[in-house]
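The values are calculated or read from the model by the stated rules, or taken from the named source; none is laboratory data. Note that the structure is predicted; figures quoted are calculated from it, not measured. Ideal geometry is used to build each Cβ from the backbone, glycine not excepted, and the neighbour counts take in all protein chains shown.
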Amino acid sequence: MKHLVIDRRIIRNNLRAIKERAEGAAVYADLSANASGMGLLDIAKLLRDDGVRYYAVSDPKDAAFLRSNGFTEETIMMLRSTADPEEIAQLIDQNVICTVGSYDAAVAVNGLAEARKTVAEIQIKVDTGLG
């Protein structure tokens, strides 16, 4: 039977090395795919305990899950662009940074934020042709 061994010391050491090289820049922890199969909430808590305040997810449900489990002050960013009104509404309501990778996504985010009388924070995804 196969199993995954997670050594928290190695995760912490890797995080320290990344932070050192980042020289004060924000470091986002990518928690996509259930934190790569390691457990979204467990890894998020471990990283928060070590000072991480920025998280990236690939599903709005993951952002909502983090928010409902106490990640209310941390910055959460959606990694993929979406023009789906339901997903965008959930992201805006959870105060999650939306990724905009198309004109349709930009219009959708802007329209839903305007309807909610708020400003949605976005990041712009640019296809540089590198895959």
Residue count, the range 108-125 (criterion: without any contact (Cβ under 8 Å) to a residue 24 or more places away in the chain and either within 15 Å of the chain's Cα centre (by Cα) or more than 20 Å from THR75 (Cβ to Cβ) (or both)): 5
Tally, over the range 19-40, of residues that are exposed (fewer than 13 other Cβ atoms within 10 Å of the Cβ) and not small (Gly, Ala, Ser): 3
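Yes or no: ALA105 hydrophobic (A, V, I, L, M, F, W, C) and within 18 Å of ALA29 (Cα to Cα)? Working first, answer last.
On the way: hydrophobic (A, V, I, L, M, F, W, C): yes; within 18 Å of ALA29 (Cα to Cα): no.
No; evaluated as a whole, the condition is false for this residue.
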Helices (runs of 4 or more DSSP H) within the range 1-118 that include 1 or more residues at pLDDT 95 or above and β-branched (Val, Ile, Thr): 8-22, 40-49, 85-93, 103-115
Out of curiosity, is GLU20 among the charged types (D, E, K, R), out of contact with any Pro (no Cβ under 8 Å at 6 or more places or on another chain) and over 27 Å from ALA113 (Cβ atoms)? yes
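Those residues that are of a type outside the set (A, V, I, L, M, F, W, C) and touching a strand residue (DSSP E or B) at 6+ places or on another chain (Cβ under 9 Å), I need them from the range 17-54; list them, please. Break it down into steps so the answer makes sense when it comes.
Initially, the range 17-54 is screened for residues of a type outside the set (A, V, I, L, M, F, W, C), giving 19-21, 23-24, 28, 30, 32, 34, 36-37, 39, 42, 45, 48-51, 53-54.
Listed by number, the residues that qualify are TYR28, ASP30, SER32, SER36, ARG48, ARG53, TYR54.
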Given the condition surrounded by fewer than 17 Cβ atoms within 10 Å (Cβ to Cβ) and hydrophobic (A, V, I, L, M, F, W, C), answer yes or no: does some residue in the range 63-73 qualify? no
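Give me the residue from the range 41-62 that is among the acidic types (Asp, Glu) and either in contact with a Ser or Thr (Cβ under 9 Å, 6 or more places away or on another chain) or closer than 21 Å to GLN123 by Cα (or both) and, out of that set, surrounded by the fewest Cβ atoms within 10 Å (Cβ to Cβ).
At the first step, the residues of the range 41-62 found to be among the acidic types (Asp, Glu) are 42, 49-50, 59, 62.
Now narrow it down to the ones that are either in contact with a Ser or Thr (Cβ under 9 Å, 6 or more places away or on another chain) or closer than 21 Å to GLN123 by Cα (or both): 59, 62.
Numbers: ASP59: 19, ASP62: 24.
Looking at the filtered set, the residue picked out is ASP59.
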Just the residues that are surrounded by 12 or more Cβ atoms within 10 Å (Cβ to Cβ) and of a type in the set (Asp, Glu), please, taken from the range 89-131. ASP93, ASP104, GLU121
